[in-house]
Amino acid sequence: MPHVPGPRGRLQDIPVSGPKRVLLAAPRGYCAGVDRAVIAVEKALERYGAPVYVRKQIVHNIHVVTELERAGAIFVDEVDEVPEGAHVVFSAHGVSPAVVTAASDRGLHAIDATCPLVTKVHREAVRFARDDFEILLIGHDGHEEVEGTAGEAPDHVTVVNSPDDADRVVVKDPSKVVWLSQTTLSVDETMETVRRLRERFPQLNDPPSDDICYATQNRQVAIKKVAADADVVIVVGSANSSNSVRLVEVALEYGAERAYRIDYAHEIQQEWIAGAATIGVTSGASVPEVLVQEVLDELAGAGYADVQQVRTAEEDLMFSLPKELRQDAGGRRDERALGGRVSGRP
Ligand code: 10D
Ligand code: SF4
């Protein structure tokens, strides 16, 4: 079923003390890695025809996945579910070398849509493991990105889930330890985890550069500013989207009385906005802008038609497509593959 916006006018326009307004965080929504991964699936469908298989959700957004399914993508959990010889796209969150090998053993044509900023963390893991460091990977156990990064050097990596985990983790040689992280964590919580690790292991090494990516950081900075002036914050993003869920937590920590995550505008409940003069709105890095627009329309119907954008950074990063898609069928370089499309960008 194609997504159709829910009925308008569900929410009532109840007066509050003072004028009603929306503070719309910017940057929000699609990051460069998500844009590239979604285009990669679209291009693979265009070039090879349906079906194209995708290992795991290409990005953690139910709307994106549903739309790509309608276009002919088939999402699977593991490569052994893909028919031999077929095309398979690896998701933006990355894969371990074991998955690459399993795909190749099966004769699959793999298209690697791993975000280059995730690949950067993989390379760091490989390098520190080669130099025989013990790697404390701060991230959420079971998240695809953490599985992929840890899989680069399983004998050297220990996952640290939380600041409390930092107090318990055991290392063999405290003089040769480094921390790395998942790209989509809360910056503040990660710094607290590092602080506690360093208390226990003073010789702890830092990553060569930030592992939490620019998009995650920018969206957190923007929602902090919005939350300070908002009664309620609404975050558009799916439940399994780490960076989206972090935005709810950050909003609550930085002054919003209430904060909610939704996939679609019709999920907004009347009681969430009751008495609110200012509603903050943002969206995770895997969320198309059309879903935010639907939220703004829904809120406008409840009297929140005054939308003020709060911008804390400009973003213009774009990644070229996965190398497997950069040549056209005749072996020529596909110029359309350079950069990303602009639709869906904030
Ligand atoms: O759960 P998450 O925040 O890592 O992923 P999502 O697909 O929501 O956002 C894009 C982030 C990626 C692909 C990890 F780098
Ligand atoms: Fe890449 Fe960051 Fe987007 Fe993840 S959130 S896909 S690391 S740019």
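Every read-out reported here was derived from the displayed coordinates using simple, explicitly stated rules and does not represent laboratory data. None of these values were measured; they are calculated from a predicted model. Don't worry about glycine lacking a Cβ; one is built from the backbone with ideal geometry, like all the others, and counts go over all protein chains shown.
Sort 283-291, 10-18 by packing, meaning the average of other beta carbons within 10 Å per residue, with the highest value first.
Working: 283-291: 25.1, 10-18: 11.9.
Ranking the peptides 283-291, 10-18 by packing returns 283-291, 10-18.
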What is the spread of the Cα atoms of the chain along each of their three principal axes, largest first, in whole Å? 62, 56, 32
At what distance in angstrom do the alpha carbon centres of segment 234-259 and segment 106-124 lie from each other? 28
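Counting Lys +1, Arg +1, Asp -1, Glu -1, what net charge surrounds Phe319 among other residues with beta carbon under 9 Å of its beta carbon?
Numbers: positive: Arg36; negative: Asp35.
Net charge around Phe319: 0.
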Where Lys and Arg each count +1 and Asp and Glu each count -1, what net charge lies around Ala92 among other residues with Cβ under 12 Å from its Cβ? -1
Stokes-Einstein D for segment 1-97 at 25 °C, 0.890 mPa s, Kirkwood Rh over Cα pairs, in µm²/s? 152
Tyr260's amide H: which non-local residues (gap 5+, or another chain) put their own amide H closer than 5 Å, with H modeled 1.01 Å from N in plane and none for Pro or chain starts? Val233, Ile234, Val235
Counting helices only, and only those DSSP H runs with n ≥ 4, report the 222 nm mean residue ellipticity of the chain as the sum of -39,500 (n - 2.57) divided by its residues, in deg cm²/dmol to the nearest 500. -10500 deg cm²/dmol
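Taking a 30 Å limit on the Cα-Cα distance, which of the listed pairs Lys176/Lys225; Lys20/Lys56; Lys43/Lys224; Lys56/Lys323; Lys120/Lys224; Lys172/Lys225 fall beyond it? The partial results should precede the final answer.
On the way: Lys176/Lys225 39 Å; Lys20/Lys56 41 Å; Lys43/Lys224 36 Å; Lys56/Lys323 20 Å; Lys120/Lys224 27 Å; Lys172/Lys225 42 Å.
Long pairs (Cα-Cα over 30 Å): Lys176/Lys225; Lys20/Lys56; Lys43/Lys224; Lys172/Lys225.
What net charge is computed for the residues neighbouring Leu117, neighbours being all others with C-beta under 12 Å from the C-beta of Leu117, Lys and Arg scored +1, Asp and Glu -1?
On the way: positive: Arg36, Lys120, Arg123; negative: Glu124, Glu145, Asp210, Asp211.
In short, -1.
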Span per principal axis, largest first, for the Cα atoms of segment 82-181 (Å): 46, 26, 20
Ranked from highest to lowest mean number of other Cβ atoms within 10 Å per residue, what is the order of the peptides 213-226, 314-327? 213-226, 314-327
So how long is each side of segment 22-150 along the principal axes, counting just the alpha-carbon atoms, biggest first, in Å? 52, 45, 22
